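The values are calculated or read from the model by the stated rules, or taken from the named source; none is laboratory data. The model shown is predicted, which means the values in this text are computed figures rather than measured ones. Every residue, glycine among them, receives a Cβ derived from its backbone with ideal geometry; neighbour counts consider all protein chains shown.
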Ligand SMILES: Nc1ncnc2c1ncn2[C@@H]1O[C@H](COP(=O)(O)OP(=O)(O)OP(=O)(O)O)[C@@H](O)[C@H]1O
Ligand SMILES: [Mg+2]
């Protein structure tokens, strides 16, 4: 069964007395262990799809499902449980807390869940080690490079072992090599922990790491792009 499915989803935004149809009948699935790259020009609806998957927006028609669960049928409490425990969300701005050390930033979901600080730190530490930041635990975001900040955001998203990882251009401010390192981390989470990953990216090389590429244009999906790995050296 897919971890995430979009079934004929429509999403409109009110805009200056009119409505803008940001998502126009999108259907696709992401399986556990699969990484799907979501590409498309600016304004094509990529972030909107991610927000729908995170239940931060509700569709106007169609259904977004997590496993068999239609997210629109969840109560407010169930939505907040879903957001806290089932998904890891990496926004483009990363949203790390300024002045807070990497270890506590990575542990923030556990702390929000009232896990005691020493235990939250113990749990978060191996995730930071896994993303190569074992020697940066007490660095605050302003003491980390862009790539290191992105890796803290990856550790934070994975810390409570969510089933679904939603990443909105996590490589936006990184050079190609650092960007690919972050995407490789997401790919290993998919493979090793059976996490379903939906990755928004403009970067063709990053997209090529995915198992499949879906392309959005004006809120609709194009035909899935075949992966030509030979094109990337
Ligand atoms: N809160 C909002 N209110 C009104 N219109 C919105 C809102 N958010 C997005 N839109 C519109 O919906 C469409 C899709 O926006 P979205 O942010 O999903 O695009 P995107 O593919 O993520 O773009 P980018 O690559 O620039 O991040 C755009 O036309 C945008 O202007
Ligand atoms: Mg966007």
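Go through segment 154-187 and report how many residues are assigned to a helix (DSSP H, G or I) and either under 14 Å from the mean Cα position of the chain (by Cα) or on the phi > 0 side of the Ramachandran plot (or both). Number satisfying all stated conditions: 11.
Within segment 16-37, the set of residues being under 13 Å from residue 220 (Cβ atoms) and within 10 Å of ligand 1 (Cβ to nearest atom) comprises 21, 22, 23. Out of the residues in segment 170-183 that are surrounded by fewer than 22 Cβ atoms within 10 Å (Cβ to Cβ) and within 16 Å of ligand 2 (Cβ to nearest atom), state the one that is modelled with the highest pLDDT. Going through the qualifying residues, I end up with 172. For segment 21-43, filtered to residues that are within 14 Å of ligand 2 (Cβ to nearest atom) and under 19 Å from residue 61 (Cβ atoms), the residue that is surrounded by the fewest Cβ atoms within 10 Å (Cβ to Cβ) is 22. Please verify whether residue 150 is in a helix (DSSP H, G or I), crowded, with 19+ Cβ neighbours inside 10 Å and in contact with a strand residue (DSSP E or B) (Cβ under 6 Å, 6 or more places away or on another chain), treating the condition exactly as stated. When the stated conditions are applied, residue 150 does not pass them. Out of 56, 51, one residue alone is within 16 Å of ligand 1 (Cβ to nearest atom), in a helix (DSSP H, G or I) and out of contact with any strand residue (DSSP E or B) (no Cβ under 8 Å at 6 or more places or on another chain). It is 51. Apart from one condition, residue 95 fits all of (1) part of a helix (DSSP H, G or I); (2) surrounded by fewer than 21 Cβ atoms within 10 Å (Cβ to Cβ); (3) touching a residue at least 40 places away in the same chain (Cβ under 8 Å); the exception is (1). Set side by side, the residues 15, 42, 27, 80 differ, and just one is without any contact (Cβ under 8 Å) to a residue 60 or more places away in the chain, under 20 Å from the mean Cα position of the chain (by Cα) and over 26 Å from residue 159 (Cα atoms), which is 42.
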